[in-house]
1. Hey, what do the phi angles of the stretch 66-71 turn into as Karplus ³J(HN,Hα) couplings, whole Hz, using 6.51/-1.76/1.60 and θ = phi - 60°, x for Gly and Pro?
2. Report the rotationally averaged projected area of the stretch 5-97 based on its alpha-carbon convex hull, in square nanometres.
3. Loop-only GluC sites (Glu not before Pro) in the stretch 111-205, please: DSSP not H, G, I, E or B, and at most 15 other Cβ atoms within 10 Å.
4. Let me know the shape class of the stretch 65-171, please: from the alpha-carbon gyration tensor, a ≥ b ≥ c as square roots of the eigenvalues, rounded when a/c is under 1.5, otherwise prolate if a/b is greater than b/c, or oblate.
5. Going by amide H atoms built from the backbone, whose H comes under 5 Å of the H on residue 27, apart from near neighbours?
6. Do you know the relative contact order of the chain, to the nearest whole percent, from alpha carbon pairs under 8 angstrom that are 6+ apart?
7. Are there chymotrypsin sites (Phe, Trp or Tyr not before Pro) in the stretch 46-118 that DSSP puts in a loop and that have at most 16 other Cβ atoms within 10 Å, and which ones?
8. Normalised by the empirical 2.2 N^0.38 Å for globular proteins, what value does the Cα Rg of the stretch 119-205 take?
Amino acid sequence: YEVVGENDAAEAMGLLERSDFDLVIADIRMPRYDGIELLRRAREKDPYMGVILITGYASLETAKNAVGEGAFGYLTKPLELDELKLVVARGIERRNVELERLRLLTELKVANETLQMKLIQLDALTSAGNLLATTVDLKEALTAILSLAIDVIGAKLGSVMILDPSKNELYIGASCGLEDSVVQNTRMKLGSSISGYVAKTGRPL
């Protein structure tokens, strides 16, 4: 293990704030700060940090306090080195298991969110297909499909640009959340801006 030691509890507090550790070993009785306070600070910074507390004044009350605050180990002096090694190894192992569990839960959450988004997109595509099959009015169909698309991506406004071949420019054929003046006055040359580029190249951007 890579070990950092401090003889002063206040300095240890500062070191704990500035650096990242997997495990802390501390005496319970120290000047200025006790081991329980160090334990609290460690757990506040990193809930998965292992903390082993040592005392020469063992009692049921201090043991309860240590365990209640989340200490992984509670050892009494004089220390048995083999016991300390074992507790340290188990503390590191438990931390690694907890971090791996957290990683897997995060991956599962992301996967579930991705799946949920895919389902929303499929529902939107199905609804869009039904609208195109049942709606005669183009503007009505475009507005409804645009509304579905906005909901899927979580946008606040959007528009569908339509190409006027005679003028080689785009105009807004349907919109959601745009002012009427913007809809009426917006014209874009084919190839200009994002919409014009997409219309000209046929590629999404």
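1. So the J values, rounded to whole Hz, are 4, 5, x, 7, x, 5.
2. Values: hull surface 22.8 nm².
Quarter of the Cα hull surface area: 5.7 nm².
3. On the way: sites: 113, 140, 169, 179; in loops: 179.
The qualifying sites are 179.
4. It comes out prolate by the Cα gyration axes.
5. 54
6. 10 percent
7. 48, 57
8. So the stretch 119-205 has a normalised radius of gyration of 1.13.
The values are calculated or read from the model by the stated rules, or taken from the named source; none is laboratory data. Quick caveat: nothing in here was measured; it's all calculated off a predicted structure. In this analysis, Cβ positions are derived from the backbone assuming ideal geometry, glycine residues included, and neighbour counts consider all displayed protein chains. Accessible surface areas use protein heavy atoms only, side chains included; no ligands, DNA or RNA. Shrake-Rupley method; radii C 1.70, N 1.55, O 1.52, S 1.80 Å.
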